[in-house]
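Heads up: the structure comes next, in structure tokens.
What follows draws every value from the coordinates through simple rules; no lab data is involved. What you see is a predicted model; the values in this text were computed from it and never measured. All Cβ positions, glycine included, derive from the backbone under ideal geometry; neighbour counts span all protein chains shown.
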Amino acid sequence: GDSVTQTEGLVTLTEGLPVMLNCTYQTIYSNPFLFWYVQHLNESPRLLLKSFTDNKRTEHQGFHATLHKSSSSFHLQKSSAQLSDSALYYCALSGNQGGSAKLIFGEGTKLTVSS
Amino acid sequence: DPKIIQKPKYLVAVTGSEKILICEQYLGHNAMYWYRQSAKKPLEFMFSYSYQKLMDNQTASSRFQPQSSKKNHLDLQITALKPDDSATYFCASSQETGGTYEQYFGPGTRLTVL
């Protein structure tokens, strides 16, 4: 079945350093949708990035990611971490192009940024 | 104004009881979902509905029953509650046609079963 793997459960960074959170996936669908959701403490998940185009960089709020179908990856990056980036980050996959398709989430990566 | 309303925000129940979690969305979406998040598991898909019809069910237990009385409502009835049902339940919605299928999440209902 479809699955998403986030290898880092916890990432701790100093403010100003670059961020890279890994995400790989497995799916039977040839045109999956990939998403990054961010969840701050006591809040609900909020969409950060999305992509379904191979090798095209997508950016939002200083974060960026590129879907690479050849390596089944969708890593999240940011050039300089901020204290406010501390949150739980989920990579998610939707294999079906129908709008009622379920999101399959990875285990999540907790990012902690300190000064 | 919140676009997805979930009620109640917090819910405490005793083992064996029954509860209904309410979800209403005012985004004009035609697909709605339930997800569960607990300490043991990350975000986990439960159900999806499209135009008030069940599309996908990943919940093994029949104790969980979604109910769609209106096109922008998707409630979740849970019977015979167990302590393992303790989790935060998120309702989400998306536009099925003409959209990019991104899902928007409600604020969640935190359920504690004693």
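Across the protein assembly as shown, the fraction of Cα-Cα pairs farther apart than 27 Å, rounded to a whole number, is 34%.
Average partner chain C-beta neighbours within 10 Å, per residue of B:27-37?
The mean count of partner-chain Cβ atoms within 10 Å per residue comes to 2.
Neighbouring Cβ atoms from other chains, within 10 Å of the Cβ of residues in A:101-111, number 5 on average.
Exposed loop sites are taken as trypsin sites (Lys or Arg not before Pro) in a DSSP loop (any state but H, G, I, E or B) with at most 14 other beta carbon atoms within 10 Å; the longest stretch of chain B without one runs B:72-114. Shown here are the Rg and Dmax of the Cα trace of region B:66-114, at 13.6, 44 Å. Evaluated with a Cβ-only charge set (Lys, Arg +1; Asp, Glu -1), the protein assembly as shown carries a dipole of roughly 300 debye about its Cα centre, given to the nearest 20. Across chain A, Cα-Cα pairs farther apart than 19 Å form 41% of the total. If you take the Cα centroid of region A:39-115 and the Cα centroid of region B:48-87, the two points sit 27 Å apart.
Scaled to the globular estimate 2.2 N^0.38 Å, the Cα spread of region B:1-107, given as radius of gyration, is 1.03.
Take the Cα gyration tensor of region A:29-92, multiply each eigenvalue by 5, square-root it, and list the three semi-axes largest first, rounded to whole angstrom. Don't jump to the answer; show the numbers that get you there.
On the way: eigenvalues 97, 36, 14 Å².
Working from the Cα gyration tensor, I get semi-axes of 22, 13, 8 Å.
How high is the relative contact order of chain A? Use alpha-carbon pairs under 8 Å, at least six apart in sequence, and give a whole percent. Walk me through the numbers before you get to the answer.
Details: 299 pairs, mean separation 42.6, N = 115.
Rounded, it is 37 percent for chain A.
Inter-chain Cβ neighbour count for A:33-44, averaged per residue, equals 3 (cutoff 10 Å, partner chain atoms only). Only lysine pairs 8 or more places apart, or on different chains, with alpha-carbon atoms under 21 angstrom apart are counted in region B:12-114, and they number 6. Listed peptides A:71-82, B:41-52 appear in the order B:41-52, A:71-82 once ranked by packing, highest mean of other Cβ atoms within 10 Å at the front.
How do A:48-59, A:101-112 rank on mean C-beta neighbours within 10 Å, highest first? All intermediate terms of the calculation are to be shown ahead of the outcome.
Numbers: A:48-59: 15.2, A:101-112: 20.9.
Ranking, from highest mean packing down: A:101-112, A:48-59.
Remark: chain A carries a charge dipole of roughly 240 debye about the Cα centre, counting +1 on each Lys and Arg Cβ and -1 on each Asp and Glu Cβ.
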